[in-house]
């Protein structure tokens, strides 16, 4: 029956597809962009916390609302709606297998600091104590400690999430755990106390260390973040471009890797999303100078920000959430908000990273981050399918980098991340027509249903429809998620495909553009 | 053979040409495009119907957007300066004095019937490292033509058990409210009138603090000197008549010649609250008994009890606050200045009624307030207050003559500091009270 129908379907396809206007160029898919052109030095962007807070709470919120922004698709994706390699993002687990060992190593080049340490600068900003120190090999590190009452909370998260973001594809510094005794630390005589002209003294160092918890043997456990090579130029703006940087051509709020970052942040409970947790570094590479863009400072992830700020609503509401908090004002306390049943984990070394109450769609960063406001289903899908590539052994290896002293805490965290991963997949992959990995096989377009591949759903058919939504062809999804359509005609063909998971569950259509029944030129996950 | 060789040569040349053409066709790997051209559009998607529909409103909103942007410029500029100053003075240098703070804080409040008061306070906290606090506060507007106050407070001065409170305050109140003495139920009309009061108050209190926060008891004594002079209202804010046109002001004790009193007071405070501002459970009870010796025309006694209990209804987020307060002034009517009578009305003493709406020798107040969470530092409130003033204690129990008010409120506070407060209450008309002041603007001190 199927064989009999095939020629008819091919005829129908021919009749509906030949008129397609070429949308994509007939060229290889771009997997690397050129944003490393030699650039003159740029100014350092200041992070002015009060102005930033006023903007994200009121001022910019208001002016943005008056802009009546419509939907804008991500502007830095390639023809397959993926993110090419750039100074912002490097495809790692998204395009290849990353072994647990490689992920645990992360961006590491030279390993943790070698003792002894010499304090060269006193850390300013942030809530927890710390300083900048030079190690025995001359490398410099930012040394930070846990809150007094929560040993391992931030130091573990710093390293674990550093490795996560490296594996996901972002540029991050080389972070490690380090344990040292007071006798392992001396002070460079030129070190000043903060911004004052006074020398930083041993009693001042002792005052900093007095705020840090100690291990049973009296030593200190800290996170170390190696200073990046190059000149730091401040955090990257949450919207717009750095006008003095000719390589910065895509408004940041329309960068897929920043919009999709919300899904990763939700997964890892990275609520402390703000401009000063990004860093532009002016680097030199083969005689060229350009900015590379880093994510930094992960100590308040995995529920750590909630613990530090004593915000039970962290991850559920913005620090100032006009929508939810206005609703709460008029509910007079009768509305039990989702986070009110949230309980801290059994371990002080873990924040209150939730599982049963976690809803990726409802998750909110603490400080409104504009790229997240611009995101669409394609951004979420892109990020979610990367999340789904992390399996349990990989998660366990990444969690192990935090060296949590209680193995039960590590197991709990691994399990929590697996549960949250599954929720992310169900929420975002199953929100679109999740066909991926398009190939031409014997003149037929084949794809994989990621819902089935990742065990999020099963069954269903792929429908090819015309511009009015009339079904032209149906193909059943195999048990392994694979599906192939009827043979394609030659020429430029734009196929509208949608997934019907069940009679009542029909996904929005996507487009696949094919040339001469031999090359997939591009896809549009969301039709304009 | 030669033909074969020639043929082979030709084929080789053709093959080489073909390879070269193929190589040219393939070319070197194409240079990566700029970041915004990775998509490889031949024909980029055009304007969507959504974009087209938004175009008109977007143009229409350009002007208000521009106005807002320009309006925000000085605000953002100010915030930039503040951020830079704080960043410069911040850091974790570990200096010893990092637990002491010095702050210059603005004060803004609004009270129905009086208008807006603005002020500024310089506050030094933790002076001796044990929570001591010194402040200088000044302001004007609203209830005050001017006021200035210096204060020093310590529950445990220099780490000892000594409870110390020292205040001196001078204020000119140009439009105080007077609506007669009594609960307003008499046959005589009691129109709202205004008078001026200039007042100097000096308070010195000393005592002993026992226990720790959460189970604190303070026992002490105080001397309170007060010197007031009165006159017709001298502010045009209110349309209410001046006191002498509505009442026989000369008959009011103290009005004509002013009043100077020294009150010696004994104090007992029990405080089991879990937090000073974001309180979820515990009790705060303050009892006082004082005597004013008849040194300068006036002599009377003064007693009061004010008890507030906090009941945690749900996870420290929904809290019921129950309060009861009584106050009595003892002595002959002729020995008591009219401003030293017990009063009701205002944000702390019967919301829904103007400040000092009622005054007489005895007062009683009950209040229930339900607080619920809105934000980490913002709580909503629903409240109902009821109170009564009377000449005799027995008359206070006449419940039919009690006055009630109810309303809604907002409290912005950290764990131990109330930053701002808003109450909208209905009783004798609608009354609004709003205050931004990082001190407790409703301290018992201000009541009298």
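We did not get these values from a lab; they are worked out from the coordinates using the rules stated. Computed from a predicted structure; not experimentally measured. No Cβ is skipped: glycine too gets one built from the backbone with ideal geometry, and neighbour counts run over all protein chains shown.
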- Euclidean distance of C-alpha centroids, segment B:131-183 and segment B:308-363, integer Å: 18
- Message: Give the average, rounded to an integer, of partner chain Cβ atoms located within 10 angstrom of each Cβ in A:336-349.
- Response: 1
- Ratio of the Cα radius of gyration of the protein assembly as shown to 2.2 N^0.38 Å, where N counts its residues: 1.21
- With a ≥ b ≥ c the root eigenvalues of the C-alpha gyration tensor of segment A:13-94, is it rounded (a/c under 1.5), prolate (a/b larger than b/c) or oblate? oblate
- Which of B:138, B:52, B:364 moves the most in a Gaussian network model of chain B with Cα springs under 10 Å? B:52
- Query: Sorted from fewest to most neighbouring beta carbons within 10 Å, what does the list A:76, A:26, A:505 look like?
  - Reply: A:505, A:26, A:76
- Message: If you average the alpha carbon positions of segment A:388-429 and of segment A:465-528, how far apart do those two centres end up, in angstrom?
- Response: 34
- Express in whole angstrom the spacing between the alpha-carbon centres of segment A:139-169 and segment A:70-133. 12
- Which whole number gives the average, over all residues in B:76-84, of C-beta atoms from other chains lying within 10 Å of the residue C-beta? 5
- Message: Could you work out [θ]222 nm for chain B from helices alone, using -39500 (n - 2.57) per DSSP H run of at least four and dividing by all its residues? Round to the nearest 500 deg cm²/dmol.
- Response: -5500 deg cm²/dmol
- Relative to the longest principal axis of chain A, what angle (0 to 90°, nearest 10) does the C-alpha long axis of helix A:377-387 take? 60
- Task: For segment B:303-448, just say rounded, prolate or oblate: build the C-alpha gyration tensor, square-root its eigenvalues into a ≥ b ≥ c, call rounded for a/c under 1.5, and beyond that prolate if a/b exceeds b/c, oblate if not.
- Result: prolate
- Note on the structure: Applying the gyration tensor rule to the Cα atoms of segment A:327-398 (axes a ≥ b ≥ c; rounded if a/c under 1.5, else prolate if a/b exceeds b/c, else oblate), the class is oblate
- Expected-Rg normalisation [2.2 N^0.38 Å, Cα atoms] applied to segment A:73-116: 1.66
- Query: Just from its helices, what would the mean residue ellipticity at 222 nm be for chain A, if runs of 4 or more DSSP H residues each count -39500 (n - 2.57) and the sum is divided by every residue, rounded to the nearest 500 deg cm²/dmol?
  - Reply: -7500 deg cm²/dmol
- Note on the structure: Here the convex hull volume per residue of segment A:104-232, taken over Cα atoms and given in Å³, is 117
- Task: Take peptide B:313-325, look around each residue's Cβ out to 10 angstrom, count Cβ atoms belonging to other protein chains, and average those counts.
- Result: 1
- Message: Just to be sure I understand: with springs between alpha-carbon atoms less than 10 Å apart, which residue in B:57, B:174, B:189 has the highest mean-square fluctuation in the Gaussian network model of chain B?
- Response: B:57
- Most fluctuating of B:381, B:395, B:223 in the GNM of chain B (C-alpha, under 10 Å) is B:395
- Message: Relative contact order of chain A, please, whole-number percent, based on alpha carbon pairs below 8 angstrom and at least 6 residues apart.
- Response: 17
- Item | Cα long-axis angle, helix B:2-26 against chain B (0 to 90 degrees, to the nearest 10) | 10
- Query: For chain A, what is the Kirkwood estimate of the hydrodynamic radius, computed as the reciprocal of the mean inverse distance between distinct Cα atoms, to one decimal in Å?
  - Reply: 25.1
- Message: I'm checking a number: the convex hull volume of the Cα atoms of chain B, normalised per residue, in Å³. What is it?
- Response: 276
- Task: Determine the relative contact order of chain B: mean sequence separation of Cα pairs under 8 Å and six or more apart, normalised by residue count, in whole percent.
- Result: 9
- Query: Going by alpha carbons, how many degrees (0 to 90, nearest 10) lie between the helix axis of B:49-60 and the longest principal axis of chain B?
  - Reply: 50
- For segment A:104-232 the mean separation of alpha carbon contacts under 8 Å (6+ apart) over residue count, i.e. relative contact order in percent, is 33
